[in-house]
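Scroll down for the structure; my scribbles are underneath it.
The values are calculated or read from the model by the stated rules, or taken from the named source; none is laboratory data. Remember, predicted model here, so these are calculated numbers, not experimental data. Note that we place each Cβ from the backbone using ideal geometry, even for glycine, and neighbour counts take in every protein chain shown. Just so you know, the surface numbers come from the protein's heavy atoms only, side chains and all, with ligands and any DNA or RNA stripped out. Shrake-Rupley method; radii C 1.70, N 1.55, O 1.52, S 1.80 Å.
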Amino acid sequence: MMNNRFQDKVAKNLSEIPLSVLDLAPVVEGSTPADAFKNSLDLAQHAEKWGYHRYWFAEHHNMPAVASSATSVVIGHIASGTSTIRVGSGGIMLPNHAPLVIAEQFGTLESLHPGRVDLGLGRAPGSDMSTTRALRRDLRSHEDFPAQLEELRNYFNPPGGLGSLTVQAVPGKGLNIPIWLLGSSGFSAQLAAELGLPFAFAAHFAPDYTVQAMQLYHNNFKPSEVLDEPYAMIGLNVVVANTDQEAKRLFTTQQQSFLNLVRGGKPALLKPPVDDMDEIWSPYEKETLENQMKLSAIGTIETVTEKLQTVLNMTKADEIMVNGSVFDHAARLYSYELLSKVSKK
């Protein structure tokens, strides 16, 4: 008989779950990556004060609007400027790197900031095909992701003991660094379930597969030394403002960015918000974008609370990680401040 763990699981109330931040270190028109890093540190320090649980950065390459390509370096910068919030990757694209290098980098981060570092891993390239060739050389490397993951985990916890490996991760060996698998399809959900690891799903850009992936993860989960029960997080686009209209206006920055990708345009800096997207996109593009971003929670505290609870009821998630690339930094801060109060209402 098929395991119906997902069906049997009771959805949590929004007030019961941690809220976390996914930061792409956004570079907006008229600014530089240096500005983006200053803004990220400012937001992280505020997020820590407001009670957010984690602060993760994503690895992307050859994208002018995303400054977090050297993900481990940025994580170290944010960790040094904060004291309690967990910091990590959402994620490191493991096939872009030698597992030993990632073990050493995150071993260094954990040694500098003990008990605060998460290592979220994905297998996508995080960029276009030309950049993937520049990064990976071997384009088949994503096919070896399970083997790469095993190699990485062995550097932290060698199967024959700390002195058993000829090549050791220094620092890294013997350190307890939580590893998450990230995905936008069923592959990582299945692998995370098989290995008994926590799982994070990119619902902010792959909503159609969200419930299916969560079902796959829960129903196939095998307890491990890491987890007794499945633990799943979902990434969502969230923008909060004093009115629904203002939040929707702020969200047009992300909509324009997605629209550029749909049109096959060259990646560009984030654009300022507009009053009416109907002047920019076609009816077909509007339908496509609204479907791709349909799980987004955009509006006042009341509107966002209702939407997030609806998504929690659908997905049975244990944690929400918020992506909110707002053009104006002050408005971005205010959005996260308002959101920190959502789960307390």
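From the list A206, A202, the lone residue that is under 24 Å from Q255 (Cβ atoms), of a type in the set (A, V, I, L, M) and surrounded by fewer than 24 Cβ atoms within 10 Å (Cβ to Cβ) is A206. Look at the stretch 20-38: where a residue is more than 26 Å from F201 (Cα to Cα) and among the polar types (S, T, N, Q) and a partner is open to solvent by 10 Å² or more (accessible area, probe 1.4 Å) and modelled with pLDDT of 95 or more, sitting 6+ places away or on another chain with Cβ atoms under 8 Å, you get S31/L269. Being over 18 Å from L112 (Cα atoms), open to solvent by 50 Å² or more (accessible area, probe 1.4 Å), among the acidic types (D, E) and in contact with a Leu (Cβ under 8 Å, 6 or more places away or on another chain) is true of E29.
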